[in-house]
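The values are calculated or read from the model by the stated rules, or taken from the named source; none is laboratory data. Note that the structure is predicted; figures quoted are calculated from it, not measured. Note that each Cβ is placed from the backbone with ideal geometry, even for glycine, and that neighbours are counted across all protein chains shown. For the accessible areas, the whole protein counts, side chains as well, though only heavy atoms, and no ligand, DNA or RNA atoms are used. Shrake-Rupley method; radii C 1.70, N 1.55, O 1.52, S 1.80 Å.
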Amino acid sequence: PPSGKGLVVSPADGKVVSIAEIKEGSFFPAPATRLSIFLSPLDVHINRSPVSGVVEEVKYQSGKFIAAYKPDASEGNEQNALRFVDQDGHRLGVVQVAGVVARRIICRAKAGDALARGQRFGLIMFGSRTDTYLPAGCKIEVSEGQRVKGGETIIARFT
């Protein structure tokens with residue numbers, strides 16, 4: 001992973017399919033930017049910590065299995081959400097979203113775990129999506145349609 005203060009790296013390999021401002025969500029109850037990455041069956045499906053910090057909360061939600069590249073997948077699909085707090089107190093969320101093909105999420109991180117930037121914490125079986133919720137004050141460094149690499153591509157910076 002790249003080193004440097006305030007960097008947020010991609011939690012997954014794949015293609016950025018959406019960058020959207022949201023008022024609030026069920027897991028991240030503050031205005032945020034949701035950056036959605038679609039993992040095709042050909043991508044590596046390992047998920048990595050976007051920052052060095054502590055996992056504050058892990059929350060599983062059962063749901064549907066809509067194709068993960070569709071916008072509705074963020075809200076309705078089976079998912080596992082993690083909220084991180086980095087070393088400077090910035091909070092952000094990563095949500096593992098199951099897709100239509102294999103329908104399985106694995107998360108080895110638990111509340112209280114300290115993770116390094118780029119460290120593996122789980123995986124989603126094939127044809128899935130990973131949403132990152134970035135709070136106000138983050139400068140987005142990628143664009144829709146761009147391919148990213150988990151633990152390596154800088155997707156945002158805290159300013």
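Would you pick out the residues in the stretch 69-90 that are of a type in the set (Ser, Thr, Tyr) and closer than 26 Å to GLY6 by Cβ?
SER74
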Failed item in (1) among the charged types (D, E, K, R); (2) farther than 24 Å from LYS5 by Cα; (3) modelled with pLDDT of 95 or more, with ASP113 passing the rest: (2)
Looking at the stretch 17-31, is at least one residue part of a loop (DSSP other than H, G, I, E, B), farther than 23 Å from GLY99 by Cβ and touching a Ser or Thr at 6+ places or on another chain (Cβ under 8 Å)? no
Applying the selection to the stretch 73-131, what residues are basic (Lys, Arg) and assigned to a loop (DSSP other than H, G, I, E, B)? ARG103, ARG104, ARG108, LYS110, ARG117
Considering only residues that are hydroxyl-bearing (Ser, Thr, Tyr) and either free of Cβ contacts under 8 Å to residues at least 40 places away in the same chain or within 20 Å of CYS138 (Cβ to Cβ) (or both), which ones fall in the stretch 27-59? THR33, SER36, SER49, SER52
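Suppose we filter the stretch 37-96 for residues that are open to solvent by less than 50 Å² (accessible area, probe 1.4 Å), polar (S, T, N, Q) and either at pLDDT 95 or above or more than 14 Å from the chain's Cα centre (by Cα) (or both); how many remain?
5
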Yes/no for LYS70 being without any contact (Cβ under 8 Å) to a residue 60 or more places away in the chain, farther than 21 Å from GLY150 by Cβ and part of a strand (DSSP E or B): no
Taking LYS15 as meeting all but one of (1) under 21 Å from SER143 (Cβ atoms); (2) open to solvent by less than 60 Å² (accessible area, probe 1.4 Å); (3) over 12 Å from the mean Cα position of the chain (by Cα), write down the number of the exception. (2)
Would you check which residues across the stretch 14-37 are touching a Gly at 6+ places or on another chain (Cβ under 7 Å) and under 18 Å from LEU82 (Cα atoms) and list them? PHE27, PHE28, ILE37
Restricting attention to the stretch 132-145, and to residues there that are in a strand (DSSP E or B), open to solvent by 10 Å² or more (accessible area, probe 1.4 Å) and closer than 21 Å to GLN96 by Cβ, which single residue is modelled with the highest pLDDT? ILE140
